1. What lysines does residue 13 reach when the alpha-carbon gap must be under 26 Å and sequence neighbours fewer than 8 apart in one chain are set aside?
2. Under 5 Å between amide hydrogens, which residues at least 5 positions from residue 118 or on another chain qualify, with H placed 1.01 Å from N in the peptide plane?
3. If amide H atoms are built 1.01 Å from N in the plane of the peptide, which residues on other chains or at least 5 residues away come under 5 Å of the amide H of residue 15?
4. For the chain, modelled as a Gaussian network with Cα springs under 10 Å, which listed residue fluctuates most, 12, 128, 28?
5. Select one label from (1) 60, 43, 27; (2) 58, 52, 37; (3) 41, 36, 32: the one whose number is Cα extents along the principal axes in Å as derived from the coordinates shown.
6. Using Cα positions and a limit of under 16 Å, work out the aspartates and glutamates in reach of residue 134, with same-chain residues fewer than 8 apart set aside.
7. Between rounded, prolate and oblate, where does the stretch 20-89 land on the alpha carbon gyration tensor, with a ≥ b ≥ c its root eigenvalues, rounded for a/c under 1.5, else prolate if a/b exceeds b/c?
8. Each residue of the stretch 148-164 in order: what ³J(HN,Hα) in whole Hz does its phi give by Karplus 6.51 cos²θ - 1.76 cosθ + 1.60, θ = phi - 60°, with x for Gly and Pro?
Amino acid sequence: MPTNPPTIPSYLKGTVALLTITSYDEWLLSIGNKTRNMLKKSVKEGISTQIVTVDQTFFEGATKIFNETPIRQNRMFKHYGVSVEEVKNRFLFVPGVCVGAYFNGELVGFAYLVMEDSTVLLSQFLSLTSHRDKAVNNALIGKVVEFCVSKGFSYVVYARFGNHPSLDRFKESNGFKRYRVGGCCL
């Protein structure tokens with residue numbers, strides 16, 4: 001178990017979703033059978049994940065994902081309608097690492113990771129809803145955990161906890177726990 005506390009960005013208040021990582025195998029054991037099956041399903045469906053070079057091809061693929069639908073999780077999606085240039089500016093000015101999920105060579109999801117101390121912050125996490133049946137998001141979380149283990153990161157912060165029930169269930173099923181900023185795990 002990590003001894004240093006996670007580094008939580010100051011703009012995140014209240015309760016966040018926190019994943020504590022010791023090894024990939026321990027993470028796999030900590031998630032339920034359904035989530036492990038979703039990871040297997042993503043591979044069977046042809047989803048591959050990798051660390052991505054943030055370049056023009058990525059910006060175009062990410063723009064397609066941002067602009068797929070104006071509604072996400074039953075809410076207006078505030079990033080809908082962005083241009084490739086806006087997407088480029090979003091990623092070029094915040095140093096980080098991008099994990100991409102691909103289907104037949106097409107970017108169908110991505111996670112943008114910002115690192116600080118022993119903590120990785122999921123700064124962006126988005127996929128095409130048209131490929132939801134392929135467990136793209138589970139594949140992305142698996143690759144994020146793999147990346148963290150390989151680089152020695154102990155924690156992943158996935159924004160606030162408690163702001164959307166279905167997203168909270170997804171976070172919990174992937175091993176995230178409620179963590180009160182300035183406090184301890186709940």
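The values are calculated or read from the model by the stated rules, or taken from the named source; none is laboratory data. All values derive from a computational prediction rather than experimental measurement. Cβ coordinates were reconstructed from backbone atoms using ideal geometry, including for glycine residues, and neighbour counts include every protein chain displayed. Please note that ligands, DNA and RNA were not included when accessible areas were found on the heavy atoms of the full protein model with its side chains. Shrake-Rupley method; radii C 1.70, N 1.55, O 1.52, S 1.80 Å.
1. Straight-line reach from residue 13, under 26 Å: 78, 171, 177.
2. Residues meeting the criterion, in which the H sits 1.01 Å from N, are 7.
3. Those qualifying (amide H under 5 Å, at least 5 residues apart or on another chain) are 161, 181.
4. Evaluated over the chain, the most mobile residue of the options is 12.
5. Computing Cα extents along the principal axes in Å and matching it to (1) 60, 43, 27; (2) 58, 52, 37; (3) 41, 36, 32 gives (3).
6. Excluding near neighbours in sequence, the set is 45, 106.
7. Working: a/c = 2.32, a/b = 1.77, b/c = 1.31.
Cα axes put the stretch 20-89 in the prolate bin.
8. Karplus values, whole Hz, x for Gly and Pro: 4, 4, 5, 9, x, 7, 9, 9, 10, 9, 10, 6, 6, 10, x, 9, 7.
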